[in-house]
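The values are calculated or read from the model by the stated rules, or taken from the named source; none is laboratory data. Just so it is clear, the structure is predicted and the values come from calculations on it, not from any experiment. Here the Cβ positions follow ideal geometry from the backbone for every residue, glycine too, while neighbour counts run over all protein chains shown.
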Amino acid sequence: MSPRWTAAAIAGVTGAVLAAAGCTSITLRASEARTPVLLGPVACIGCAPEPGRVAAPPTVAGGVHEREYVIATFPSGALDRITDDTVPLDVAATTAVADPCREDLRVAAVHAGTWSFHEPLIANTWIDAQASRAAVPNGVCGVAPWPSVGPTGIDKRRP
Amino acid sequence: MKSAALAPMAALGALLACACGCAGARVTVRADNARYPVSFSGVVRDTTGRAHNRHSLTKVGAFSAHRTPVGLAYSALSVPSTYDISDEINVQVASSCGEAVVNLAISVSNACTVLNFFPLLNALPSWPGCVPVTITGDIVRRTDAACQSQ
């Protein structure tokens, strides 16, 4: 195998992988949850930060995972297969919180990362969040309708 | 003769390097010093405990923050390992005369694929990987609240 052919093969495989990978992204959100899902030390509008607040152990987990397997078929291109392992944070929140009027969720940590591996060619990308329930003794729901509908709390009609 | 004998070893080494190549990065997102409430959902409370949603909140700005931590040693070590968005929150919410950030969303794109997938060289522990993190949200104020700084 000549060095020139080897270099061409590597370039071809790399090109195939990059073409298969595209320009996608994954996103963690909880915009349809019916309760505050808080990140940081401030619990409410006008509240003072509580940096020393000891949070309960996380009991709610949500995340977005995407794993892409790529089989290079040089020189014609690449076959790829994408698997998703997603637990929407808003669904997890709606399921975990029994009374959204008197409970919040406090996000303890959000971890994100990506790595790629050769042989087999794998691109792994993830965002994970862990949260704990926090009681709000004086909590009340607003008079306006909640943004969520349906048994899961997720409004499917919104884009 | 010696170089001819070493050629298969070099080829095997290259093959193993290609086979074992692995690069990436990881990061923890925090907001430990934020002075405003930050919510992944569209709901946030006031001091009375009343929950406000999109019907009683007005969007006054868009929050955005972006960072690309670099990873080394097969993503075991990332710099920075923690991305604290507190400064961005405090500055952007104050400049928009907002009271909170809602609908927070954290995205990771595959814009680092070139680096993470780079053949042969990504087998080296010193070869960098990266993870592009973008954080967005809506800066809001209660509909019936006046801007304090105006």
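Going by the conditions given, is residue A:131 modelled with pLDDT of 75 or more and assigned to a strand (DSSP E or B)? Judged against the criteria, residue A:131 is a match. Within segment B:89-116, being free of Cβ contacts under 8 Å to residues at least 40 places away in the same chain and not aliphatic (A, V, I, L, M) holds for B:95, B:107, B:109, B:110, B:113.
Only residues that are surrounded by fewer than 24 Cβ atoms within 10 Å (Cβ to Cβ) and without any contact (Cβ under 8 Å) to a residue 24 or more places away in the chain: list them for segment B:38-53, please. Talk me through it step by step, then tell me what you get.
Just the residues of segment B:38-53 that are surrounded by fewer than 24 Cβ atoms within 10 Å (Cβ to Cβ), to begin with: B:46-50, B:53.
Result: B:47, B:48, B:49, B:50, B:53.
Being β-branched (Val, Ile, Thr), within 19 Å of the chain's Cα centre (by Cα) and modelled with pLDDT of 65 or more is true for just one of A:60, A:42. Which residue is that? Walk me through how you get there before you give the answer.
Working: A:42 fails: within 19 Å of the chain's Cα centre (by Cα).
Sole residue among the options that is β-branched (Val, Ile, Thr), within 19 Å of the chain's Cα centre (by Cα) and modelled with pLDDT of 65 or more: A:60.
Residue B:126 - would you say it is over 16 Å from residue B:65 (Cα atoms), more than 7 Å from chain A (Cβ to nearest Cβ) and either over 17 Å from the mean Cα position of the chain (by Cα) or surrounded by 22 or more Cβ atoms within 10 Å (Cβ to Cβ) (or both)? For residue B:126, the condition - over 16 Å from residue B:65 (Cα atoms), more than 7 Å from chain A (Cβ to nearest Cβ) and either over 17 Å from the mean Cα position of the chain (by Cα) or surrounded by 22 or more Cβ atoms within 10 Å (Cβ to Cβ) (or both) - is met. For segment B:27-63, residues that are more than 20 Å from residue A:126 (Cα to Cα) and either within 14 Å of the chain's Cα centre (by Cα) or of a type in the set (A, V, I, L, M) (or both) total 9.
This table checks each residue for (1) loosely packed, with under 15 Cβ neighbours inside 10 Å; (2) closer than 23 Å to residue B:42 by Cβ; (3) of a type outside the set (Asp, Glu); (4) at the interface with another protein chain (Cβ under 9 Å from one of its Cβ atoms).
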| site | (1), (2), (3), (4) |
| --- | --- |
| B:71 | no, no, yes, yes |
| B:77 | yes, no, yes, no |
| B:86 | no, yes, yes, yes |
| B:92 | no, yes, yes, no |
| B:95 | yes, yes, yes, no |
| B:99 | no, yes, no, yes |
| B:104 | no, yes, yes, yes |
| B:111 | no, no, yes, yes |
| B:121 | yes, no, yes, no |
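A count restricted to segment A:105-135 and to residues that are more than 26 Å from residue B:25 (Cα to Cα) and crowded, with 21+ Cβ neighbours inside 10 Å stands at 1. Residues that are at the interface with chain B (Cβ under 8 Å from one of its Cβ atoms) and not in a loop (DSSP other than H, G, I, E, B) were ranked within segment A:83-104; the one that is surrounded by the fewest Cβ atoms within 10 Å (Cβ to Cβ) is A:90.
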